[in-house]
Amino acid sequence: MAEKSKILIIGGTGYIGKFIVEASAQSGHPTFALLRESTVSDPAKAKLVDGFKNSGVTILIGDLNDRESLVNAIKQVDVVISTVGQMQLADQVNIIAAIKEAGNVKPGLPPPPRDKVTILGDGNAKGVFNDERDIATYTIRAVDDPKTLNKTLYIRPAKNTYSFNQIVALWEKLIGKTLQKSYVPEHQLLKQIAGLQLSSLSLSLSSL
């Protein structure tokens, strides 16, 4: 049987990252998790980190902004998986640079084009964007509010409600350029979904 690839997960204590680490270890891959020193010493993360160790995961100390730690970590593995949060997406350029310097891992899927955007449907349907901490704050405030007694509380801040078209417009204003928009009609989207296997999952990997 072929030897399993050694996998490095960056962002392994995040919402998705912890499941990727767990799945990698359970699949028998030599698994490495690059964690910040502050994460390892954080009491709130202790149980999660200990769980990694008990599963045979090798903990490496490093940071996206520490080039040397990235390169040293990448040199030990065959595959790099980034599961960093939204606020750190731009910092992934440091991972790519470290991969090139390490020389033992080939870049995987390229990043999506920055001058184009795909919009599902007509882009006018609106959604509510809530931060988990805001949900927690509203929930606690509702505890002693008599108006919420025996009521279902919907957290829909007016200023947090946007359509995809509005989000694109905000992004265009932020970057100072107009994006090329491609709309996918609803019937076409439903046809594409019908043809997908439920078990399929696309991840961005870097591997040999």
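Only the coordinates and a few stated rules stand behind these numbers; no lab work does. Predicted, not measured: the structure shown is a model, and the values here were computed from it. All Cβ positions, even for glycine, are placed from backbone atoms using ideal geometry, and neighbour counts span all protein chains on display.
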Residue ranges of strands (runs of 3 or more DSSP E) in region 1-65 with at least 2 members touching a strand residue (DSSP E or B) at 6+ places or on another chain (Cβ under 8 Å) and more than 13 Å from VAL84 (Cβ to Cβ): 31-35, 58-61
Considering only region 140-168, state which residues are outside any helix (DSSP H, G or I) and basic (Lys, Arg). LYS151, ARG156
In region 159-199, anything more than 23 Å from the chain's Cα centre (by Cα), closer than 17 Å to PRO113 by Cβ and among the acidic types (Asp, Glu) is listed as none
Residue, farthest from ALA90 (Cα to Cα), within region 172-190, restricted to residues that are in contact (Cβ under 8 Å) with a residue 24 or more places away in the chain and basic (Lys, Arg): LYS181
